[in-house]
1. Find the residue count for segment 144-157, including only residues that are surrounded by fewer than 17 Cβ atoms within 10 Å (Cβ to Cβ) and either at pLDDT 90 or above or in a strand (DSSP E or B) (or both).
2. Under 7 Å between Cβ atoms, at least 6 apart or on separate chains: pull out the pairs that start in segment 44-65 with a residue that is buried (at least 17 other Cβ atoms within 10 Å of the Cβ) and end on any residue that is in a helix (DSSP H, G or I).
3. From the residues in segment 66-80 that are more than 16 Å from Arg46 (Cβ to Cβ) and in contact (Cβ under 8 Å) with a residue 24 or more places away in the chain, which one is surrounded by the most Cβ atoms within 10 Å (Cβ to Cβ)?
4. Pairs under 7 Å by beta carbon, first residue under 24 Å from Arg37 (Cβ atoms) in segment 131-153, partner of a type in the set (Asp, Glu), six or more apart or different chains?
5. Does segment 74-92 contain at least one residue that is in a helix (DSSP H, G or I) and either on the phi > 0 side of the Ramachandran plot or β-branched (Val, Ile, Thr) (or both)?
6. Do we have any residue at all in segment 57-68 that's farther than 23 Å from Thr34 by Cα and of a type in the set (Gly, Ala, Ser)?
7. Of all residues in segment 1-43 being touching a residue at least 60 places away in the same chain (Cβ under 8 Å) and β-branched (Val, Ile, Thr), which is farthest from Gln128 (Cα to Cα)?
8. Which one of these is basic (Lys, Arg), surrounded by 12 or more Cβ atoms within 10 Å (Cβ to Cβ) and either in a loop (DSSP other than H, G, I, E, B) or more than 14 Å from the chain's Cα centre (by Cα) (or both): Arg141, Arg122, Arg166?
Amino acid sequence: MTRMDAGLTLIEVLIALTITAVLLTVGLPAFTGTLDRTRVATTMHRVSADLAMARSTAIMRRAQVVVCPRTRDDRCRSDSDWSQGWMVFTDDDGNRQPDEPGHVLRVTHPPAGGQLSLRATRRFLRYQRDGRSAHSNQTVRVCAGGEFAGMVVVNNLGRVRSDRPRDGTPCPH
């Protein structure tokens with residue numbers, strides 16, 4: 001082996017760095033879009049799973065179960081902004097707040113990364129002992145970057161479904 005075959009030249013390293021920079025410049029925006037879509041899908045799945053769990057718990061325990069947006073100290077917020085997370089708890093006395101730590105069934109933290117906004121049509125969702133949703137339908141809308149990205153809907157019977165709008169739909173207020 002001669003000295004010329006011993007390593008890389010500066011020109012070879014610069015060419016490799018240039019190719020890497022071009023690939024990252026082209027590929028990174030596509031990866032960011034994929035990551036945003038995955039965050040939205042994961043958030044919608046987490047909301048759907050927690051609502052379905054709340055319904056099945058209400059039926060199994062024959063108790064009222066509430067799902068609401070949470071504060072930092074695990075109380076229900078007074079508005080319908082679910083962006084800071086939500087919680088599921090049994091509500092034996094009907095005051096729509098967890099009375100004891102043992103009543104809290106699940107606390108879900110806000111979605112990680114990205115700028116997702118979650119808004120519901122009502123402050124909370126209460127499941128009756130038979131699994132029906134009290135009052136009217138509940139819709140949790142997920143917005144990403146100011147655009148409407150999806151929604152999770154609970155009908156009066158308590159069933160959960162999700163839907164995704166066409167691209168470019170502005171986020172409803």
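The values are calculated or read from the model by the stated rules, or taken from the named source; none is laboratory data. What you are looking at is a predicted structure, and each value in this text was computed from that prediction instead of being measured. A quick note on method: Cβ atoms are made from the backbone with ideal geometry, for glycine too, and the neighbour counts reach across all protein chains shown.
1. So the count comes out to 4.
2. Gln64/Ala58; Val65/Ala54; Val65/Thr57; Val65/Ala58
3. Val66
4. Short answer, once both residue conditions are applied: Ala144/Asp36; Gly150/Asp163; Met151/Asp163; Val153/Asp163.
5. No: zero hits.
6. Yes, segment 57-68 has at least one match.
7. Among those that are touching a residue at least 60 places away in the same chain (Cβ under 8 Å) and β-branched (Val, Ile, Thr), it is Val40.
8. None of the other options fit; the residue is Arg122.
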